[in-house]
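Structure, as structure tokens:
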Amino acid sequence: MHLLVYTSQSLIEPAVAEFELDQIVADSKRNNTANGLTGVMFQHRDRFIQLLEGEQSAIRQTFERIQKDPRHTQIEILFDSAIRQRGCPDWSMGAFDIPENVDISSQHLKALSDGYRKNFIVQTDTILSLLRGFVSEPMDLSSL
């Protein structure tokens, strides 16, 4: 099993954002199911955070397609690691919005990623728990 987590800057116009995001999730569910991948996507203001898990070759093929998608730019990989088991085995693609009042920048996400990798074994369920914490409880990341 392999895990890839990346963040990117959305280029979706606000007027069509809801439609486009629904389309991304629907396409991801279909493609991920066909490729044996599971994952979750978080959307925060104009930023995406996506977690994919599965066989490394399927993740690489999927990520190549993701990188070519014109709806986002500034793609940064946060985690790219072997894992023991899936953390979200029942989600072909879950989706969550992180509240507007949470302050998350690319630099904060990179600091979180770097700190996690230095101190912990990469496990999807732990990373997922950290990311879901942004949804339920605003966090102060200024000390990272």
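The values are calculated or read from the model by the stated rules, or taken from the named source; none is laboratory data. Predicted model, so just to flag it, every value in this text is computed and none were measured. Counting neighbours? That spans all protein chains shown, and the Cβs are built from the backbone with ideal geometry, glycine included. We work out accessible area using only protein heavy atoms, side chains counted, and drop any ligands, DNA or RNA first. Shrake-Rupley method; radii C 1.70, N 1.55, O 1.52, S 1.80 Å.
So how do 68, 29 rank on accessible area, 1.4 Å probe, biggest first, that is with the largest at the start?
Reading off the accessible areas and sorting them downward yields 68, 29.
Could you order 92, 57, 8 by accessible surface area, starting with the largest, using a probe radius of 1.4 Å?
Order by accessible area, largest first: 57, 92, 8.
Modelled label-to-label distance, residue 60 and residue 80, 7 Å Cα→beta-carbon offset: nm?
1.1 nm
Read phi for every residue in the stretch 16-30 and hand back ³J(HN,Hα) as whole Hz from Karplus 6.51 cos²θ - 1.76 cosθ + 1.60, θ = phi - 60°, with x for Gly and Pro.
10, 4, 4, 4, 4, 5, 4, 5, 4, 5, 4, 5, 5, 4, 5
Search the structure for amide H atoms under 5 Å from the amide H of residue 78, placed 1.01 Å from N in the peptide plane, and list their residues when 5 or more places away or on another chain.
Those lying under 5 Å, H to H, from residue 78 are 5, 6, 7.
If you plug each phi of the stretch 54-63 into the Karplus form 6.51 cos²θ - 1.76 cosθ + 1.60 with θ = phi - 60°, what whole-Hz ³J(HN,Hα) values come out, in order, with x for Gly and Pro?
Using θ = phi - 60°, the values come out as x, 5, 4, 5, 5, 5, 4, 5, 5, 5 Hz.
Could you give each residue of the stretch 80-90 its phi-based ³J(HN,Hα) in whole Hz, using Karplus coefficients 6.51, -1.76, 1.60 with θ = phi - 60°, and x for Gly or Pro?
Per residue, the Karplus-derived 3J(HN,Hα) values read 8, 8, 5, 10, 6, 7, 5, x, 9, x, 9 Hz.
Over the heavy atoms of residue 24, what accessible area does a 1.4 Å probe trace out, to the nearest 10 Å²?
Roughly 20 Å² of residue 24 is accessible to a 1.4 Å probe.
Only sites in a loop by DSSP and with at most 14 other Cβ atoms within 10 Å count here; which GluC sites (Glu not before Pro) in the stretch 1-58 make the cut?
When the GluC sites (Glu not before Pro) of the stretch 1-58 are filtered for loop state and at most 14 Cβ neighbours within 10 Å, 55 remain.
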